[in-house]
Amino acid sequence: MGANKKLNHEDIRQYVTEDLVAKIAADKAALDKLKFSHAVSSLDNPASIRAKRRDVARLITEMAKRTKESKAK
């Protein structure tokens, strides 16, 4: 997923919980890699760090929402 296309809430809701956990882990690893690459040398698009960070936050928010809903049941 490129830096210009953010994850929509509808896209995130379609993930199964196991896929959501895997996507969070993969995106966190990609974010760490971007941060490291930016620290070593400049990136072509430094805004991609912000976009990836926000995507991770959206995924974590959806996971927290699902956890809260499952505890309420």
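All of the numbers you see were taken from the coordinates with simple rules; none came from a lab. All figures in this text were calculated on a predicted structure; none of them were measured in a lab. Because the Cβ atoms are built from the backbone with ideal geometry, glycine has one as well, and the counts that use them run over all protein chains shown.
Some points to look at:
- Counting only alpha carbon atoms, the long axis of helix 17-40 and the longest principal axis of the chain meet at about 20°.
- Three-way shape call for the range 1-52 based on the alpha-carbon gyration tensor, with the a/c threshold at 1.5: oblate
- For the pair ALA47 and HIS9, the difference between a 0.36 nm per residue extended length and the Cα-Cα distance amounts to 11.6 nm.
- Packing-based ranking of 28-37, 51-60 yields 51-60, 28-37, ordered from highest to lowest mean Cβ neighbour count within 10 Å.
- Anchor LYS52: lysines whose Cα lies under 24 Å away (excluding residues fewer than 8 positions away in-chain): LYS5, LYS6, LYS23, LYS28, LYS33, LYS35, LYS65
- Angle of helix 47-72 to the longest C-alpha principal axis of the chain, folded into 0 to 90 degrees and rounded to 10: 10°.
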